[in-house]
1. Order these by the 10 Å Cβ neighbour count, fewest first: 148, 99.
2. When a footprinting reagent is the concern and you count Cβ atoms within 10 Å, what order do 113, 103, 139 take, fewest first?
3. Which ordering of 84, 19 is given by a fewest-first count of other beta-carbon atoms within 10 Å?
4. Please give the contour-minus-distance gain from residue 25 to residue 147: 0.36 nm per residue of separation, less the Cα-Cα distance, rounded to one decimal in nm.
């Protein structure tokens, strides 16, 4: 079977600059919206996204977390230390490499993740309510495609 080669488009620099600016503007609006809600600090979304990744990728390694978040290994270690101290994540010794640790969500972590996602969605849903169902689906598909094609 032949490997699918993604079709790429050439866009002019103004189009790319516009979508980039809009992306960062929406990101800023999301962070501002989260900051207004005293129950959920915007920096918490990094922890939530990390826990979500761990939950979706059984027994992740620290390197997996660093790669996923595009951060350095020491930054990932610092982030994970906080999650471990909070009892949300635990390390389990790798059966094949005793030097390595596999990360898993604790029962407390799973409960906290579920609660945090539900709360965050309640806070952020109004931002996306201006889009029709078709527009939201198109935006989601476009972002998924960019992510998929960029990651490889």
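Coordinate-derived values only; no laboratory data. What you see is a predicted model; the values in this text were computed from it and never measured. Counting neighbours? That spans all protein chains shown, and the Cβs are built from the backbone with ideal geometry, glycine included.
1. Working: 148 10, 99 6.
Ranking 148, 99 by Cβ neighbours within 10 Å, fewest first, gives 99, 148.
2. 139, 113, 103
3. Working: 84 16, 19 12.
Ascending Cβ contact count within 10 Å gives the list 19, 84.
4. On the way: separation 122, 0.36 × 122 = 43.92 nm, distance 1.89 nm.
Here the segment from residue 25 to residue 147 would lengthen by 42.0 nm.
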